[in-house]
Amino acid sequence: MKNALIKTLASVVCLLTLATSAFAHHSFRAQYDSEKPVTLKGYVTKIEWFNPHVYFYLDVENPETGKVENWGVEMGPPHMLQNRGWKKNSMAIGDEMLVEATRARDGSTTANARSVQIVATGEVLGAASSEQQTLTGGAPADNGDAP
């Protein structure tokens, strides 16, 4: 009886863990609007090279207001970026970047990168993200999130 209870509790904990992980990953379409492309040119202020997605942040001057806004830019997971030529140190704080992206549905200063160009070198790297247009030099990833 005691063993059956322990096995049942262990099974419940495993199922809850799996469900939480699946729920945490978002759909591209739920967060971003592919009808709202945005081009961002600015300077890197922060880099988060972690699973499940790499994020970096740019200070970008708003052309309408002249004020500097800090944009959060989502890319794919580290392993997909590495497959596209990225290294953890491909960009550094202070680098100027030109980003083609898709804006968040909520209108915030958040975007999902399609391509990222290092302005100083002109090198363009794929963003390995969820939208089909995000990969340069390769077939789009089929992860179920693409429109």
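Before moving on, here are some points about what is shown:
- Selection within the stretch 118-135 - outside any loop (DSSP other than H, G, I, E, B) and either crowded, with 20+ Cβ neighbours inside 10 Å or modelled with pLDDT of 95 or more (or both): Leu125, Gly126, Thr134
- The residue of the stretch 29-80 that is nearest to the chain's Cα centre (by Cα), among those that are part of a helix (DSSP H, G or I) and within 15 Å of Arg105 (Cβ to Cβ), is Gln31.
- Residue in the stretch 35-54 that is crowded, with 17+ Cβ neighbours inside 10 Å, over 19 Å from Leu125 (Cα atoms) and at pLDDT 95 or above present: no
- Only one of Glu96, Glu61, Glu48 that is more than 20 Å from Gln31 (Cβ to Cβ) and free of Cβ contacts under 8 Å to residues at least 40 places away in the same chain: Glu61
- Matching residues in the stretch 85-100 - criterion: being at pLDDT 90 or above and surrounded by 14 or more Cβ atoms within 10 Å (Cβ to Cβ): Ser90, Met91, Asp95, Glu96, Met97, Leu98, Val99, Glu100
The values are calculated or read from the model by the stated rules, or taken from the named source; none is laboratory data. Bear in mind the structure is a predicted one, so any value in this text is a computation, not a measurement. Glycine also receives a Cβ, built like all others from the backbone with ideal geometry; neighbour counts cover every protein chain displayed.
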